[in-house]
Ligand SMILES: *Cc1c(COP(=O)(O)O)cnc(C)c1O
């Protein structure tokens, strides 16, 4: 069947909540994807930061195949070995003390909020606690995650949203200090804002927010769903700043394609928050995702992926800086590790550039306000950065002539 026929069929059956790119992806190999028509694409989006290992990693695929034949699901009424080992490894690399596995990022945020609320409730018996979140943040599409998402367009049709949430300005400590009080149970932020346009938190901001939390007995929740799992050059971006959260949310690359997320608690929060009956999930942390997470963490360690990211991301950063110097309509480069963005002048629409890239065999997505987002598999090499830059520059050259 022709790709166009597949797309037609999709638009008749699947709820139209996405304006999809006109391509039907069929298979992947390394850092390349292939359409049903055989066309090859260099992937600089990694399924929105999920496919850290790229495609067709034999060790990972074999581990999943073995687990499928052994045991897929048991429910959380019983113990299973893969998830116990995955939990051990995840706590080890994160330095957090306890983990709860979910099926998605949004669910990890839901759990994080519930843990913070229960912690505050046990302390003073009140249910009038407030949460401070950030403008331009993104934490997911479920009602609880939406309640802390600082994007009016996403929120408005679904208001009133649960809880009392106030929004501060990212990287502006005074704006947080102005909102925090004894009712604040948590301050939630992405260590690097993703959807909002690729803004890394400054060390001063993170340190300051942590201090405000301590002073007011609030918990720091860091959303590491997009920037975590090695993308920043550290296993988790906060580790690069030495600011440990009380609660951390993780997902996307955690399963490298298998739907799994997690929220992790520091010991003092785990001891005094969610107890049997407070939270649960049918699928969450089943043996199949356990086998995936366990293997992903093994491969990260064996291949020293965080070190690789530190090296190759320096190369990507320099390339993007060169591009910024060359083209007057590139306003800024921002980012951390292999999570980078370049902001374009409004007269060069990032969405249009993204579509032209696709035509030229490069998968590149957008973020925030006219930002091109670079979120490749962590296993990319310098030659892939060169290939990406070559395609992008060809497209930019045409715009340079026009502007
Ligand atoms: C993707 C994302 C989420 C939501 O994750 P889902 O798995 O789509 O629910 C939350 N926070 C951040 C920072 C994200 O990038």
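Every number here is computed from the coordinates shown, using simple stated rules; none is lab data. The structure displayed is predicted, hence computed values, not measured ones. Please note: Cβ atoms are built from the backbone with ideal geometry, for glycine as well, and neighbour counts cover all protein chains shown.
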Original post:
Rounded to the nearest 0.05, what FRET efficiency is calculated for residue 143 and residue 301 with R0 set to 41 Å and r the Cβ-Cβ distance?
Top reply: 0.65
**OP:** Name the shape class, rounded, prolate or oblate, that the alpha-carbon gyration tensor gives for the stretch 138-286, where a ≥ b ≥ c are the square roots of its eigenvalues, rounded holds for a/c under 1.5, and otherwise prolate holds if a/b is larger than b/c and oblate otherwise.
**Re:** rounded
**OP:** Can you tell me the FRET efficiency between residue 151 and residue 172 if r is taken as the Cβ-Cβ distance and R0 is 25 Å, rounded to the nearest 0.05?
**Re:** 0.90
**OP:** Measure nothing fancy, just the Cα-based angle from helix 203-216's long axis to the longest principal axis of the chain, in degrees from 0 to 90, nearest 10.
**Re:** 20
**OP:** May I ask you to compute the full-extension gain from residue 48 to residue 16, defined as 0.36 nm times their residue separation minus their alpha-carbon distance, rounded to one decimal in nm?
**Re:** 9.6 nm
**OP:** Enter the angle in degrees (range 0 to 90, nearest 10) between the Cα long axis of helix 105-124 and the first principal axis of the Cα atoms of the chain, meaning the one along which they spread out most.
**Re:** 20
Subject >> the stretch 216-273 shape via C-alpha gyration tensor axes, a/c threshold 1.5 >> reply: oblate
Subject >> Virtual spin-label span in nm between residue 135 and residue 282, 7 Å along Cα→Cβ >> reply: 4.2
Original post:
Can you give the FRET efficiency for residue 381 and residue 122, using 1/(1 + (r/R0)^6), R0 = 41 Å, r = Cβ-Cβ distance, to the nearest 0.05?
Top reply: 0.25
**OP:** Compute the relative contact order of the chain as a whole-number percentage, counting only Cα pairs closer than 8 Å that sit 6 or more residues apart in sequence.
**Re:** 22
Subject >> Helix-derived mean residue ellipticity, 222 nm - over the chain, DSSP H n ≥ 4, -39500 (n - 2.57), to 500 >> reply: -12500 deg cm²/dmol
Original post:
How far, in nm, would the chain grow between residue 34 and residue 5 when pulled straight, counting 0.36 nm per residue and subtracting the alpha carbon separation?
Top reply: 8.7 nm
Original post:
Which residue, 318, 373, 153, tops the fluctuation ranking in a GNM of the chain built on C-alpha contacts under 10 Å?
Top reply: 153
Original post:
Tilt of helix 81-94 relative to the longest C-alpha principal axis of the chain, in degrees (0 to 90, nearest 10)?
Top reply: 90
**OP:** Indicate the gyration tensor shape class of the stretch 93-176 (rounded, prolate or oblate), computed on the Cα atoms with a ≥ b ≥ c the square roots of the eigenvalues: a/c under 1.5 is rounded; otherwise a/b larger than b/c is prolate and the rest oblate.
**Re:** rounded
**OP:** Starting from the Cα-Cα distance between residue 326 and residue 61, subtract it from 0.36 nm times their residue separation and give me the gain in nm to one decimal.
**Re:** 91.2 nm
**OP:** Please identify, among 183, 203, 347, the residue showing maximal mean-square fluctuation in a Gaussian network model of the chain using a 10 angstrom Cα cutoff.
**Re:** 347
Original post:
Which whole-number percentage describes the relative contact order of the stretch 149-215, with Cα contacts under 8 Å and a sequence gap of 6 or more?
Top reply: 27
**OP:** Considering only 274, 53, 362, give the residue with the highest GNM mean-square fluctuation for the chain, with springs between Cα atoms whenever their separation is below 10 Å.
**Re:** 274
